[in-house]
Amino acid sequence: MLRLGGRAFEAHEPVIMAIVNRTPDSFYDQGATFRDEPALARVEQAVAEGAAIIDIGGVKAGPGDEVSAEEEARRTVGFVAEVRRRFPEVVISVDTWRHEVGEAVCEAGADLLNDAWGGVDPRLAEVAARYGAGLVCTHAGGAEPRTRPHRVTYDDVMADILRVTLGLAERAVSLGVPRESVLIDPGHDFGKNTRHSLEATRRLDEMVATGWPVLVSLSNKDFVGETLDRPVKERVVGTLATTAVSAWLGAQVYRVHEVAETRQVLDMVASIAGRRPPAVARRGLA
């Protein structure tokens, strides 16, 4: 059972986490949800389309202008409070690696801290424990935040992913983060080249076998673009194909831009797996 905020999700229940970037320079939407009203409209649409989690980020993942902790908090804290007010049932996640920002957003009502940079600030897990918030434990290959991988190598990329994420997860629990509120994430693109991300996808069942719920952040990423030689705006098909494979292998939470399309993919995979009946079954019955 995965528990986040006031929500509980069964072991095989696929969960959609919708991305809402509070940045002027995000790689995908180039700041479309930087201002409050477009961002709130995005939340409303994502919830209507089936997102159970809203993931709010105040700093783009890639290189760019310096963003201080104070500026990151300015972009996210008030927005978290407003989303909490308007959408009391939704799980609010904040994508941050800084404990100062984690503290502020938890005060404002965040339920989950999405640490995409692999515990680079060890105090973030302490914040999650203090507030009873969930924590995403990600493999980033030891990379510094907002850096791109350069000639990175692994003897066995999945072995390293397991070593790091399981270590972070157990540390979080030892600090007091509820075990049922900890997720592990292979960190596609983070500290990895395209072949590493493809192998991590192919071997996702090894992460699932640990018993920790697995989150995948696949949406329109560079490994999809390089695999198919497609620019950012033409990666949806590749993303959805990777989503289907990840669902078949047992990942539970999907951090995405395209909520409605992802919902259909996850429902289709669940039905093929026998965990969900068809929405309609008339063919051949009349």
Counting only residues that are crowded, with 20+ Cβ neighbours inside 10 Å, in a loop (DSSP other than H, G, I, E, B), small (Gly, Ala, Ser) and at pLDDT 90 or above, how many does the stretch 1-41 have? 1
With 276, 283, 255, 235 as the choices, which residue is among the basic types (Lys, Arg) and closer than 27 Å to residue 135 by Cα? 255
Within the stretch 60-99, residues within 17 Å of residue 18 (Cα to Cα), part of a loop (DSSP other than H, G, I, E, B) and touching a helix residue (DSSP H, G or I) at 6+ places or on another chain (Cβ under 8 Å) come out as 87, 90, 96
Let me spell it out: the conditions are (1) outside any loop (DSSP other than H, G, I, E, B); (2) within 17 Å of residue 94 (Cα to Cα); (3) polar (S, T, N, Q), and residue 45 meets all of them except one. Which number is the exception? (2)
For the stretch 69-81, state whether one or more residues are within 22 Å of residue 178 (Cβ to Cβ) and more than 15 Å from the chain's Cα centre (by Cα). yes
Report, by residue number, each residue of the stretch 236-261 that is over 19 Å from residue 187 (Cβ atoms) and in contact with a strand residue (DSSP E or B) (Cβ under 7 Å, 6 or more places away or on another chain). 259
Evaluation of residue 55 against (1) under 20 Å from residue 215 (Cβ atoms); (2) at pLDDT below 95 (one fails), failing number: (2)
Going by the structure shown, is residue 270 at negative phi and in contact with a Pro (Cβ under 8 Å, 6 or more places away or on another chain)? yes
Residues within the stretch 128-150 that are of a type in the set (S, T, N, Q) and under 25 Å from residue 7 (Cα atoms), tallied: 1
Given the structure, is residue 186 buried (at least 24 other Cβ atoms within 10 Å of the Cβ), touching a Leu at 6+ places or on another chain (Cβ under 6 Å) and within 19 Å of residue 135 (Cα to Cα)? no
Please work out which residue is surrounded by the fewest Cβ atoms within 10 Å (Cβ to Cβ), limiting yourself to the stretch 48-59 and to residues that are in contact with a strand residue (DSSP E or B) (Cβ under 9 Å, 6 or more places away or on another chain) and not in a strand (DSSP E or B). 49
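The values are calculated or read from the model by the stated rules, or taken from the named source; none is laboratory data. Predicted model only: the values in this text are computed from it and were never measured. Cβ: placed from backbone, ideal geometry, glycine included. Neighbour counts: every protein chain shown.
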